[in-house]
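A.B. asks: Submitted below is the structure of interest, expressed as structure tokens.
The values are calculated or read from the model by the stated rules, or taken from the named source; none is laboratory data. The structure displayed is predicted, hence computed values, not measured ones. Heads up, the Cβs are rebuilt from the backbone with ideal geometry, glycines too, and the neighbour counts pull from every protein chain shown.
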Amino acid sequence: MKKIVLTGGGTAGHCNPNLALVPVLRQQGYDIVYIGSYAGIEKKLVEEAGLEYHGISSGKLRRYFDLQNVTDVFRVIKGFGEAHSLLKKLAPDIVFSKGGFVSVPVVRAAHSLHIPVIIHESDMTPGLANRLSFGAAQKICCSFKETLSLLPERKAVFTGSPVRRELFSGDAERAKRFSGLRDNDFPTILVTGGSLGAASVNEAVRHVLPELSKKYNIVHLCGRGKVDPTLNHVEGYVQYDYIDKELPDLFAMADLVISRAGSNAIFEILSLRIPNILIPLPSKASRGDQEDNAASFKKQGYSYVIENDQLSDETLLSGIEEVMGSRSRYIEAMARAPESDAVNTICGLINDTVEKRMTT
């Protein structure tokens, strides 16, 4: 049986695209093993998917001065040693990496053992973890066509972003029963800041709740530890720290999504053709990748964008009214988006690489 190691973690966005590949990889006869961090969110998601999971030490590679940069170097070195030992024992035919800092020691260890590596870059501009891994990769897949010019030419492949198959099987009625929200006279807004949450988005939405709840049902995915119990009494408003299995149903119920602009989240929204407002994480708090992602989606007519420093009661409420009044225009634009069968394209690249390795 062919064997593949998947790696990537730190957020659900570095894990869920890997899990999107699993059904097709299983059909193709792969034994699938996952390497992530000891206790990252990916551990729970992977184990719930029924995959063999191994944790390694992981450090964060910061672009700014921090004393933890020194100690994290040793964590990364330890992670490399652990990944090297694991890969020697597992003897996979290939490693597929979705990025995140835990992936770097896995990719570099695979390269040292002459195990082929394929990387996927979700954002328009490549992240540091993936850039550190480019030299070890045989192929580098990307979600945005604009990214091709930023990648090593002979390695770059536009695949689109892999989206989990189960997201397309959501049931709005099941979501209504699950959430306990009001009847169909109230359109539903789904607010999400990703698995870690988004403090400024949470604050903005909660600030306009008295006005918003008069016209809409609101499902708020706040992030771990960010639920505000003082708001549990607000009619038409429900909040959760994180949702996994019920997410397809919540998407099916949503008339509008308010989201950060992480690549995996926005490609899921695009695939489901849900009118949306993107509030990208600002460049002063990140490397600016979400602002680039949001700008691309705005240009193509897929999304309404509110920059984080422009976020206020007025801009949020007016943005919601604008998108809700123009839902058909956004849906039509998303329907014209080029189809990218990312899951099958990536799995095809994986298979081609493994077969080539087996015949040489």
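A.B. asks: How many residues, within the range 308-345, are under 23 Å from the mean Cα position of the chain (by Cα), surrounded by 14 or more Cβ atoms within 10 Å (Cβ to Cβ) and not aliphatic (A, V, I, L, M)?
C.D. replies: Of the residues in that region, 4 qualify.
A.B. asks: Just one of 225, 262 is free of Cβ contacts under 8 Å to residues at least 60 places away in the same chain and out of contact with any strand residue (DSSP E or B) (no Cβ under 9 Å at 6 or more places or on another chain); which is it?
C.D. replies: 225
A.B. asks: Can you pull out every residue in the range 88-129 that is among the hydrophobic types (A, V, I, L, M, F, W, C) and closer than 15 Å to residue 262 by Cβ? Write out each step before concluding.
C.D. replies: Pass one, the range 88-129, residues among the hydrophobic types (A, V, I, L, M, F, W, C): 90-91, 94-96, 101-102, 104, 106-107, 109-110, 113, 115, 117-119, 124, 128-129.
Within the range 88-129, 124, 129 meet the criteria.
A.B. asks: Of the residues that make up the range 188-196, is at least one in the same structural domain as residue 287 (by TED's automatic domain parsing) and over 21 Å from the mean Cα position of the chain (by Cα)?
C.D. replies: yes
One line per residue, one yes/no per condition, for (1) touching a residue at least 12 places away in the same chain (Cβ under 8 Å); (2) assigned by TED's automatic domain parsing to the domain that holds residue 14; (3) among the hydroxyl-bearing types (Ser, Thr, Tyr); (4) closer than 20 Å to residue 33 by Cα:
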{"site": "76", "(1), (2), (3), (4)": "yes, yes, no, no"}
{"site": "100", "(1), (2), (3), (4)": "yes, yes, no, yes"}
{"site": "104", "(1), (2), (3), (4)": "yes, yes, no, yes"}
{"site": "112", "(1), (2), (3), (4)": "yes, yes, yes, yes"}
{"site": "115", "(1), (2), (3), (4)": "yes, yes, no, yes"}
{"site": "128", "(1), (2), (3), (4)": "yes, yes, no, no"}
{"site": "142", "(1), (2), (3), (4)": "yes, yes, no, no"}
{"site": "154", "(1), (2), (3), (4)": "no, yes, no, no"}
{"site": "180", "(1), (2), (3), (4)": "yes, no, no, no"}
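A.B. asks: Can you name the residue in the range 245-272 that is surrounded by fewer than 20 Cβ atoms within 10 Å (Cβ to Cβ) and within 17 Å of the chain's Cα centre (by Cα) and, of all such residues, is nearest to residue 319 (Cα to Cα)?
C.D. replies: Only one residue tops the list, namely 272.
A.B. asks: Next up: Give 216, 242 a once-over and let me know the one that is crowded, with 16+ Cβ neighbours inside 10 Å, at negative phi, in contact with a Ser or Thr (Cβ under 8 Å, 6 or more places away or on another chain) and modelled with pLDDT under 95. Can you show your working first?
C.D. replies: On the way: 216 fails: modelled with pLDDT under 95.
Result of the check over 216, 242: 242.
A.B. asks: Just checking: which of the strands (runs of 3 or more DSSP E) contained wholly in the range 106-162 hold 2 or more residues that are in contact with a Cys (Cβ under 8 Å, 6 or more places away or on another chain) and surrounded by 15 or more Cβ atoms within 10 Å (Cβ to Cβ)?
C.D. replies: By residue number, 117-121, 156-158.
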